[in-house]
Amino acid sequence: MSPTPDRVISVLVADDDADQRELAHSILLEAGWADHAVTLVPDGREALRALREQVFEVAILDLSMPGLGGLEVLESIGEDPSRPQVVFLSGTGTIATATRAMKLGAYDFLEKPVDPERLVAIVWKAAQAHRAFARSARFEAVVQRDAASVSIVTRDRRMEDTLRLLAKVAPSEASVLVHGESGTGKELIAREVHRLSGRSDQPLVALNCAAVAESLAESELFGHEKGAFTGAASRKIGLVELSDGGTLFLDEIGDLAAPLQAKLLRVLETRRFRRVGGVKEYPANFRLVSATHRPLQQRVEEGTFRGDLFYRINAIILDLPPLRERVEDIPLLAEHFLGEFRPGEAGLWTIEDEAMERLRSYDWPGNIRELRNVVERVVLLARDQTIRGSDLVSALGPGRTGSGAATSTVDAGGARVPTLNLADLERTAIEEALGATGWHQGRAAEALGVSARTLHRKIRSLGLTRPGQAPEEG
């Protein structure tokens, strides 16, 4: 067996006979496994202490050791989900002892003197079994989305440049930072990085750092042991552990609290972590993809984000332009979402020129997420398979449009806020709906998403009149 980096196996050897320990050690080293991956202890108590402090894939235990024998060690760790596969050694083995060992969950049973080739083969197979069980347990806890369904639609030059860079860096292990306004598709980009990486057959686990309370974030990331804090009635596996072998996506990482920034940095540097309330260190094998709409460099200068963490997570930066700067993508995206909401019949739908012009001229403060929601609403409420300009009156939120529904926006902490007040917007929407329907109040009310009675009341309160008609007296 030739040594390769991904075949280093962590092995614990426990035997009160120093010669036997060294023999097992030498056999494993000659097989090509790194020296630091083999830990030697002289008895069962030391073996149990090592197993409680460190994660091993395979434990080679002598059956008969002073104080605590191999069977007692296995009984003590039997409920630990991260316990290693156990191989027993004995110079005086009996069928009854071997049977008991197998019932306790031992992987195999070897008699002394040890046959080197058999020991190497069994340790190798036991390690693969340990990894398979660990992977199975993780997949039970993770509802994995279909990464193959990632679809990024664009003709925009900047987005195409970003996707070319993504394709180059995805196969690497480099940390990726995705920057863009809310709704620009940062999680979609993260999923594409994962899909194109060598970890695509492993979990992609996501956490929105802005959506979880600071008091719960550490447990979400690293998990906790039973009794770690009030309410911790059982052990919880954290997202770092669930993402083992795969990708961890931290959305809005700029909102991560300072203490957690320090702990995340340590995990990235040591590739190990502890659950909350625990002492055992577990290996952390994940590829980090982060996302933010905040200017992290500025936050570093302000002292609200750690500079050392910032430089750890931004090996590669993928910058996503807002939708208002990708106007030529709007027709493509609208057609794409039509296909999503009306599969099989999208080709039967028509978007009139006036409606498309409204979509193209709208400011899209919510970016692609808002466009998707608008298309979904219009498809649900449309009278037929034609999307008209009047169908968009109530669907489009505050933002700049060609009809002047909102003439400008201002930047407020990263969010684009309309300068026109809500009363003006309401009046404009009602006037446009009435004009588009020839003042048919039933159809106008349907387009606006309100009842005809509510619309009639609004018309009277706003003093609106059909062209050439005298105002109603209220």
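At least 3 residues that are outside the structural domain of GLN128 (by TED's automatic domain parsing) and of a type outside the set (Ser, Thr, Tyr) in each: list the strands (runs of 3 or more DSSP E) lying fully within the range 9-90 that qualify.
On the way: elements: 11-14, 38-41, 58-62, 85-90.
Ranges flagged: none.
State which residue pairs qualify: first residue assigned by TED's automatic domain parsing to the domain that holds ALA174 and inside the range 282-299, second residue in a loop (DSSP other than H, G, I, E, B) and small (Gly, Ala, Ser) in any location, beta carbons under 6 Å apart, and separation of 6 or more residues or different chains.
ASN285/GLY245; PHE286/SER243; LEU288/SER175; HIS293/SER182; HIS293/GLY414
What are the pairs with Cβ atoms under 7 angstrom where one residue, in the range 360-381, is among the basic types (Lys, Arg) and the other, located anywhere, is modelled with pLDDT under 90? Sequence gap at least six, or different chains.
Matching pairs, first to second residue: ARG377/ALA395.
I need a count of the residues in the range 100-118 that are of a type in the set (A, V, I, L, M, F, W, C) and either at pLDDT 90 or above or part of a loop (DSSP other than H, G, I, E, B) (or both). Give the derivation first.
So in the range 100-118, the residues of a type in the set (A, V, I, L, M, F, W, C) come out as 101-102, 104, 106, 109-110, 114.
Now restrict to residues that are either at pLDDT 90 or above or part of a loop (DSSP other than H, G, I, E, B) (or both): 104, 106, 114.
Adding up the residues that qualify gives 3.
Return yes or no: is VAL169 at pLDDT 90 or above, more than 21 Å from GLU328 (Cα to Cα) and within 13 Å of the chain's Cα centre (by Cα)?
Taking the combined requirement at face value, the residue does not satisfy it.
Can you find a residue that is touching a residue at least 40 places away in the same chain (Cβ under 8 Å), of a type in the set (D, E, K, R), surrounded by 17 or more Cβ atoms within 10 Å (Cβ to Cβ) and part of a helix (DSSP H, G or I) anywhere in the range 326-343?
Yes, there is a match, as at least one residue in the range 326-343 is touching a residue at least 40 places away in the same chain (Cβ under 8 Å), of a type in the set (D, E, K, R), surrounded by 17 or more Cβ atoms within 10 Å (Cβ to Cβ) and part of a helix (DSSP H, G or I).
What are the residues in the range 84-96 that are surrounded by fewer than 20 Cβ atoms within 10 Å (Cβ to Cβ) and in contact with a helix residue (DSSP H, G or I) (Cβ under 8 Å, 6 or more places away or on another chain), if any?
Quick first cut of the range 84-96, residues surrounded by fewer than 20 Cβ atoms within 10 Å (Cβ to Cβ) only: 90-96.
Passing the criteria: only SER90.
With the requirement that a residue be crowded, with 18+ Cβ neighbours inside 10 Å and of a type in the set (A, V, I, L, M, F, W, C), what does the range 190-205 give you?
The first filter runs over the range 190-205 and keeps only residues crowded, with 18+ Cβ neighbours inside 10 Å, leaving 190-194, 197, 199, 202-205.
Result: ALA190, VAL193, LEU204, VAL205.
Of the residues that make up the range 291-301, is at least one under 20 Å from LEU371 (Cβ atoms) and not charged (D, E, K, R)?
Yes, the range 291-301 contains a residue that is under 20 Å from LEU371 (Cβ atoms) and not charged (D, E, K, R).
Taking the conditions exactly as written (closer than 25 Å to LYS186 by Cα, assigned by TED's automatic domain parsing to the domain that holds LEU296 and of a type in the set (A, V, I, L, M, F, W, C)), does ALA228 satisfy them or not? If you could, list the steps in order and put the result at the bottom.
Values: closer than 25 Å to LYS186 by Cα: no; assigned by TED's automatic domain parsing to the domain that holds LEU296: yes; of a type in the set (A, V, I, L, M, F, W, C): yes.
Taking the combined requirement at face value, the residue does not satisfy it.
Of the residues that sit in the range 289-323 and are small (Gly, Ala, Ser) and part of a strand (DSSP E or B), which one is farthest from LEU51 (Cα to Cα)? Spell out how you get there, then give the answer.
At the first step, the residues of the range 289-323 found to be small (Gly, Ala, Ser) are 290-291, 303, 307, 315.
From what is left, the residues that are part of a strand (DSSP E or B) are 290-291.
Values: SER290: 33, ALA291: 37 Å.
Across the range 289-323, the extreme among qualifying residues is ALA291.
The values are calculated or read from the model by the stated rules, or taken from the named source; none is laboratory data. Just so it is clear, the structure is predicted and the values come from calculations on it, not from any experiment. Every residue, glycine among them, receives a Cβ derived from its backbone with ideal geometry; neighbour counts consider all protein chains shown.
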